[in-house]
Amino acid sequence: MIVLSGGTGTPKLLDGLRKVIPEEDITVVVNTAEDLWVSGNLVTPDIDTVLYLFSGRIDAGKWWGVEGDTFRTHETMRSSGFDEGMMIGDLDRATHIMRSNYLRGGDSLTVATRKLARAFGINAKVFPMSDDPVSTIITTPSGKLHFQDFWIKEHGEPDVLDVSIEGISDAVISPAVLDALEHEDEVLIGPSNPITSIGPILALSGMREILKTKKVIAVSPIIGTEPVSGPAGKLMHARGFEVSSHGTARCYEDVVDVFVIDERDSAKESDFLDIGCDVVRTDTLMRTVDVSVELARRMIGIFETRF
């Protein structure tokens with residue numbers, strides 16, 4: 001199974017999935033449009049979250065970073081007047097340093113990620129969506145901000161006028177991802193931000209055309225008119241999508257076969273007739289591991305019975 005992933009929401013589902021099927025049967029294609037260089041090292045937030053999940057090191061209280069990490073390097077730099085712009089843990093920074101040295105040595109991001117996964121004892125296949133650099137840029141009334149500046153420095157508070165992905169027209173799908181898609185028919189779009197997490201993956205040239213030939217299930221990160229977490233609502237509105245499960249389905253309407261909404265969502269199945277997909281209602285609010293496991297089982301069941 002191939003899973004398209006951003007941070008937070010989809011890794012929670014991956015946590016359930018890896019308890020239901022062997023990890024080596026899971027391929028994760030991860031958003032890289034939120035990556036940026038910090039203090040000389042490449043930070044890949046979504047990739048790192050997936051790596052830390054599968055290696056058993058994720059800080060499950062925050063769903064980013066390493067459990068029990070310290071921040072002495074960051075704090076020392078800040079006390080000396082150097083602002084990195086984001087709080088990076090010491091163990092987390094070690095990952096960034098290794099990745100960056102692989103890249104400086106000539107490795108692609110895919111190869112660097114594969115080396116890290118191997119070093120961390122990970123059996124799942126974790127691939128960046130592309131080896132080419134892309135950046136999500138948020139346009140605000142005060143100017144343009146990298147997504148990390150918008151979300152971390154500005155706490156997601158500025159009004160959003162537009163969202164764009166710099167470099168996406170020149171970026172190509174990672175060869176490893178293309179190979180995985182050639183050999184796998186089941187694709188699960190996780191409950192990550194449809195604009196800045198899943199959107200960049202789908203925006204890669206040829207990706208939507210490939211997914212149209214696959215069996216695709218997508219899980220909504222929106223319940224009612226509110227995202228479960230993060231700035232998805234504000235970003236969807238800026239891109240002209242209704243902030244709802246139906247609005248999320250519209251983001252995927254040309255590729256999705258089955259759309260999964262939460263059992264608490266007020267939307268009706270008839271609301272999705274214009275999308276042309278089946279709708280399944282279940283508990284998608286993964287507050288516990290048990291719920292993540294049950295949702296994973298439900299996704300597997302849909303692949304087995306609906307196609």
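The values are calculated or read from the model by the stated rules, or taken from the named source; none is laboratory data. Owing to the predicted nature of the structure, the values given are computational and were not obtained by experimental measurement. Glycine gets a Cβ as well: all are built from the backbone with ideal geometry, and neighbour counts include every protein chain shown. Side chains included, ligands, DNA and RNA excluded: accessible areas come from the protein's heavy atoms. Shrake-Rupley method; radii C 1.70, N 1.55, O 1.52, S 1.80 Å.
Quick one: which of Lys115/Lys214; Lys12/Lys215; Lys62/Lys144 span more than 25 angstrom between C-alpha atoms? Kindly include the intermediate steps, with their values, before the conclusion.
Values: Lys115/Lys214 29 Å; Lys12/Lys215 22 Å; Lys62/Lys144 27 Å.
In this structure, Lys115/Lys214; Lys62/Lys144 exceed 25 Å between Cα atoms.
Going by average Cβ neighbours within 10 Å, how do the peptides 91-104, 122-135 rank, with the highest at the top?
On the way: 91-104: 17.5, 122-135: 21.8.
Packing proxy ranking, top to bottom: 122-135, 91-104.
Given the Cα-Cα distance of Thr70 and Lys212 and 0.36 nm per residue of separation, how much length would full extension add, in nm?
On the way: separation 142, 0.36 × 142 = 51.12 nm, distance 4.46 nm.
This chain segment gains 46.7 nm when fully extended.
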Considering only DSSP beta bridges whose two residues both sit in the chain, what percent are antiparallel, to the nearest 5? 40
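With r as the distance between the Cβ atoms of Ser142 and Glu242 and R0 = 25 Å, compute the FRET efficiency 1/(1 + (r/R0)^6) and round to 0.05. Please report the intermediate quantities before stating the final value.
Values: r = 26 Å, r/R0 = 1.05.
It comes out at approximately 0.45.
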Under 18 Å from the Val38 label point (7 Å along Cα→beta-carbon), backbone N, segment 87-117: 87-101
Under a point spin-label approximation (7 Å from Cα along Cα-to-Cβ), what is the Glu23-Glu157 distance to one decimal in nm? 4.0
Local net charge near Leu211, Cβ-Cβ under 15 Å (Lys/Arg +1, Asp/Glu -1): -4
Full-extension gain in nm, Ser270 to Ser169, via 0.36 nm per residue minus C-alpha separation: 32.8 nm
May I ask you to give the solvent-accessible area per residue for the chain, in square angstrom, as obtained with a 1.4 angstrom probe? 43
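Taking the Cβ-Cβ separation of Ala94 and Ala60 as r and a Förster radius of 22 Å, what is the calculated FRET efficiency to the nearest 0.05? The partial results should precede the final answer.
On the way: r = 20 Å, r/R0 = 0.90.
It comes out at approximately 0.65.
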Two-decimal ratio, the chain, of alpha-carbon radius of gyration to 2.2 N^0.38 Å: 0.96
In segment 141-243, the trypsin sites (Lys or Arg not before Pro) that fall in loop regions by DSSP, at most 13 other Cβ within 10 Å: Lys212
